[in-house]
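Worksheet: one structure, shown below.
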Amino acid sequence: LVHVDVNHANILNLDITEAEKMPGVVKVVTAKDIYAAGGTNKLFGAQPPQVKGDGWERPILCDKKIFMWGDVVAVVCAESYEEAEAAVPKVKVDLEELPAVMNVEEAIKPDCIEIHPGVPNIYFETHVKKGADAGEIMEQMPYSIEDVFYLQRQPHLVLENDVGFGYWDEDGNLAIQSKHIWIYKAAAFMARGIGLQPSKIRIIQNKAGASFGYKLGITNEAMIAAAVIATGRPVFCRYDTRHHVTYTPKRAPALMRVAMAADANGRITAIDHTSWVDHGPYSEFAPGLVVKLCHYMGALYGVENVNGVGYAVYTNQKWNTAFRAWGAPQVHIAQEIAVDMLAEKVGMDPLEFRYLNAIRPGGTFPHGHAPDVYPLPKMVEILLPRYQEALKRAKEESTETLRKGVGVAFGVYTSIADGGDTANCDVELMPDGGVMIYNTWEDHGQGADIGTLGTAHRALVPLGLQPDRIHLFLNDTYRCPNS
């Protein structure tokens, strides 16, 4: 991968002449090759129509602008990895550097440069309102707090770097093997960009080890596809650690203002909050994250009066994507510190305060719907003696130079996408009387293979099949249904 060490710039010229003369180099692939093959050179990433702009702002290979440090302008295809790396410095890129917008405070200023000209830097917003006006309620309460919180950008830092392999299969499909964890969507996200129908893009998931969320997005797949199309040959791509850290997306940082009030009895009566998510220069998956921030804030306390707004903001920082517990860490770092602050103001123990305010039957989340279960009060009752023992131990073990304490927090996260949940699975009866199971339940550390085997074994008990008669064919969009 060829990338330049700037955050924001116009590309004036890209010269690959010398690089293509280097030993072993077959071709240096640029955006021109993608356009020549009928592709748009743009990727999509699950944006709803409410996003300002068209949501197709991420280039596969940059040809007009650099939007972040780590953006790729070309791919060197050579006979060996070492020969490809040796040719990278020979690619010459002339740039006109632009002001880099490195945080949301700068990005939202009225006079800030637009990162995508014609599209405002605040490109998505969502609101939540429950009950009466939270601000008016707060003015009537004896206890209130307000502060600003920030959860920083976080890299996934998986143990294995991105690796991918691409080729034309025997049926004329462009096959990509990678560690993607949403393989039907991977084909859809990149189809227009590379100029093929999704049905002609075959995504096969390699053993992923783990992704922690980032492989919901396209990292190497589209660049591999472009190289296969441009060279007509099988292509192998391995990110070194520098490529991996600079190019793969991160957990999005969020700047959050939270105001919270309680009545004379210590019950939380109102929350007013605003969140600005720094999603880097690309909008993919940002709206879903921002919606979750409004979905979670105040949820576990059943607060009756909630005003909230969330914004997705373009910057020239690293682009972002899903990361385990997507949206929950940002909210809880702000909400739980705020709850501790309010408990201190009321004069209550932090766990006692949470027990008093924990959502109970009849309580609803900020969008007005009720959870299936209300486990928190009982959980706190079980926790209480352990908590009291921990407080006692912390006091006894503290000295003048070493202080020990006990922290408590509530947490919530949804483990499925909001909305309808469906999954398809094919079962084939084999000539030997066994079965073959086909699905695309992608494994990213949770054990989907043993989950498929165990579920199938249980479902097929009437056939009397032992586990060794149940065979798995998993995670190939050409052979398996969308699970």
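Nearest 10 degrees, 0 to 90: what angle lies between the long axis of helix 183-194 and the longest principal axis of the chain (Cα atoms)?
50
Per the Kirkwood formula on distinct C-alpha pairs, the Rh of the range 16-171 is how many angstrom? Let's see the in-between values first.
Numbers: mean 1/r = 0.0484 Å⁻¹.
Value: 20.6 Å, from the Cα pair sum.
Taking the Cα centroid of the range 349-393 and of the range 54-112, what is the distance between the two, rounded to the nearest whole Å?
A separation of 48 Å, based on Cα centres.
Give me the mean projected area, in nm² to one decimal, of the convex hull enclosing the Cα positions of the range 86-137.
On the way: hull surface 30.3 nm².
Reported value for the Cα convex hull: 7.6 nm².
Give the separation of the Cα centroids, the range 420-480 to the range 226-266, in Å.
Answer, in whole Å: 31.
Give me the extension gain from Ala36 to Asp426: residue separation times 0.36 nm, minus the current Cα-Cα distance, reported in nm with one decimal. Don't jump to the answer; show the numbers that get you there.
Details: separation 390, 0.36 × 390 = 140.40 nm, distance 3.84 nm.
Stretched fully, the Ala36-Asp426 segment lengthens by 136.6 nm.
Mark the label point 7 Å from the Cα of His127 along Cα→Cβ and return the residues of the range 273-291 whose backbone N is within less than 16 Å of it.
Flagged as within label range: 273-275, 291.
State the Kirkwood hydrodynamic radius of the chain in Å, one decimal place, computed from all pairs of distinct Cα atoms.
Numbers: mean 1/r = 0.0398 Å⁻¹.
Across the chain, the inverse of the average 1/r is 25.2 Å.
Quick one: net charge around Pro467, please, counting Lys, Arg +1 and Asp, Glu -1 for every other residue with C-beta under 15 Å from its C-beta. Numbers along the way, then the final one.
Working: positive: Arg458, Arg469; negative: Asp432, Asp449, Asp468.
After counting each charged neighbour, the total is -1.
Extension gain Glu352-Glu400, at 0.36 nm per residue separation less the Cα-Cα distance, in nm? Mind dumping the intermediate values first?
Details: separation 48, 0.36 × 48 = 17.28 nm, distance 2.74 nm.
Stretched out fully, the Glu352 to Glu400 stretch lengthens by 14.5 nm.
Not counting the cut sites, what is the longest span of the chain without trypsin sites (Lys or Arg not before Pro) that DSSP labels loop and that have at most 12 other Cβ atoms within 10 Å? Don't skip to the end; give the middle numbers.
Details: sites that count: Lys21, Lys64, Lys207, Arg403.
So the longest stretch without any such site is 208-402.
According to a simple spin-label model (label point 7 Å from Cα along Cα-to-Cβ), what is the distance in nm between Glu114 and Leu391?
Placing both labels 7 Å along Cα→Cβ, they lie 5.6 nm apart.
Under 14 Å from the Cβ of Gly232, count the other residues' Cβ atoms, weight Lys and Arg +1, Asp and Glu -1, and hand me the total. The partial results should precede the final answer.
Values: positive: Lys27, Arg233; negative: Asp33, Asp169.
Spelling it out: positives minus negatives among the neighbours equals 0.
Checking the cross-link filter: which lysines have an alpha carbon closer than 22 Å to that of Lys90, excluding same-chain neighbours under 8 positions apart?
Lys21, Lys27, Lys32, Lys64, Lys65
For Arg360, what charge total do you get from the other residues with a beta carbon under 15 Å from its beta carbon, if Lys and Arg give +1 and Asp and Glu give -1? Write out the running numbers ahead of the final one.
Values: positive: Arg267, Arg354, Lys378; negative: Glu304, Asp372, Glu381.
Net local charge, Arg360 excluded: 0.
Kindly give the semi-axes, whole Å and largest first, of the ellipsoid equivalent to the range 138-282, taking each as the square root of 5 times a Cα gyration tensor eigenvalue.
Values: eigenvalues 419, 49, 31 Å².
Listed largest to smallest, the semi-axes of the range 138-282 are 46, 16, 12 Å.
Please give the charge dipole size of the range 207-347, origin at the Cα centre, charges +1 on K and R Cβ atoms and -1 on D and E Cβ atoms. Round to the nearest 20 debye.
Working: 13 positive and 10 negative charges, 150 e Å.
It comes to approximately 720 debye.
What are the equivalent ellipsoid semi-axes of the range 437-483, built from the alpha-carbon gyration tensor (square roots of five times its eigenvalues), in whole angstrom, biggest first? The partial results should precede the final answer.
On the way: eigenvalues 77, 30, 13 Å².
Ellipsoid semi-axes (Å, largest first): 20, 12, 8.
Where does the range 280-408 land on Rg(C-alpha)/(2.2 N^0.38 Å)? Provide the component values of the computation, followed by the final result.
Values: Rg = 18.1 Å, N = 129, 2.2 N^0.38 = 13.9 Å.
Here the answer is 1.30, to two decimals.
DSSP beta bridges in the chain, what fraction antiparallel, as a percent rounded to 5? The partial results should precede the final answer.
Values: 57 of 77 bridges.
The answer is about 75 percent antiparallel.
Using a Cα-Cα cut-off of under 17 Å, which lysines could be cross-linked to Lys215, ignoring same-chain neighbours fewer than 8 residues away?
Straight-distance partners of Lys215: Lys179, Lys185, Lys207, Lys250, Lys318.
I'd like the distance separating the alpha-carbon centroids of the range 22-42 and the range 268-304, in whole Å.
If you average the Cα positions of each part, the centres end up 40 Å apart.
Which one of Ala423, Leu453, Gly407 is farthest out on the positive end of the charge dipole of the range 399-483, using unit charges on Cβ (Lys, Arg +1; Asp, Glu -1) and the Cα centre as origin?
Of the candidates, Gly407 comes out farthest on the positive side.
Students often forget the sequence filter, so: which lysines lie under 19 Å Cα-Cα from Lys130 once same-chain residues fewer than 8 apart are removed?
Hits, sequence-local ones excluded: Lys292.
Any idea what the alpha-carbon Rg over 2.2 N^0.38 Å comes to for the range 60-117?
Working it through for the range 60-117, the quotient is 1.54.
For an R0 of 25 angstrom, estimate the FRET efficiency from the Cβ-Cβ distance between Gln446 and Asp171 and round to the nearest 0.05. Could you put the intermediate results ahead of the total?
Values: r = 31 Å, r/R0 = 1.24.
The formula returns an efficiency of 0.20 here.
Translational diffusion coefficient of the range 219-324 at 10 °C, 1.306 mPa s, Stokes-Einstein with Kirkwood Rh over Cα pairs, in µm²/s as a whole number. Walk me through the numbers on the way to the answer.
On the way: Rh = 16.7 Å.
For the chosen part, D equals 95 µm²/s.
Taking the Cα centre of the chain as the origin and placing charges on Cβ (Lys, Arg +1; Asp, Glu -1), which of Ala46, Ala78, Met436 is farthest toward the positive end of the dipole?
So the residue furthest toward the plus end is Met436.
Stick to Cα atoms and the Kirkwood definition of Rh, then tell me Rg/Rh for the range 174-213. Mind showing how you got there, number by number?
Working: Rg = 10.4 Å, Rh = 10.4 Å.
Rounded to two decimals, Rg/Rh equals 0.99.
Once both labels are modelled 7 Å past Cα along the beta-carbon direction, what's the Asp54-Met436 spacing in nm?
Between Asp54 and Met436, the simple spin-label model gives 4.1 nm.
Rounded to the nearest 500 deg cm²/dmol, what is the calculated helix-only ellipticity per residue at 222 nm for the chain, with -39500 (n - 2.57) per DSSP H run of length n ≥ 4? List each step's numbers first, then the result.
Values: 13 runs with 129 residues, N = 483.
Helix contribution divided over all residues of the chain: -8000 deg cm²/dmol.
Over the chain, what relative contact order in percent results from Cα pairs under 8 Å that are six or more residues apart? Don't skip to the end; give the middle numbers.
Numbers: 1050 pairs, mean separation 83.4, N = 483.
So the answer I get is 17 percent.
How big, on average over all directions, is the shadow cast by the Cα convex hull of the range 171-257, in nm²? Please list the in-between numbers first.
Numbers: hull surface 29.1 nm².
Directional mean of the projected Cα hull area for the range 171-257 stands at 7.3 nm².
Dividing the Cα convex hull volume of the range 336-483 by residue count, how many Å³ per residue is that?
226
May I have the extent of the alpha carbons of the range 274-318 along their three principal axes, as whole Å values ordered from largest to smallest?
38, 15, 12
Need one number: nm distance between label points at Arg238 and Tyr413, each 7 Å from Cα along Cα→Cβ, rounded to one decimal.
3.1
Calculate the dipole size of the chain relative to its Cα centre from +1 charges on Lys and Arg beta carbons and -1 charges on Asp and Glu beta carbons; express the result in debye to the nearest 20. Before the final figure, lay out the partial values.
On the way: 44 positive and 59 negative charges, 98 e Å.
Around 460 debye, computed over the chain.
Values in this text are rule-based calculations from the coordinates and carry no lab data. As the structure is a prediction and not an experimental result, all values here were calculated from the model. Ideal geometry is used to build each Cβ from the backbone, glycine not excepted, and the neighbour counts take in all protein chains shown.
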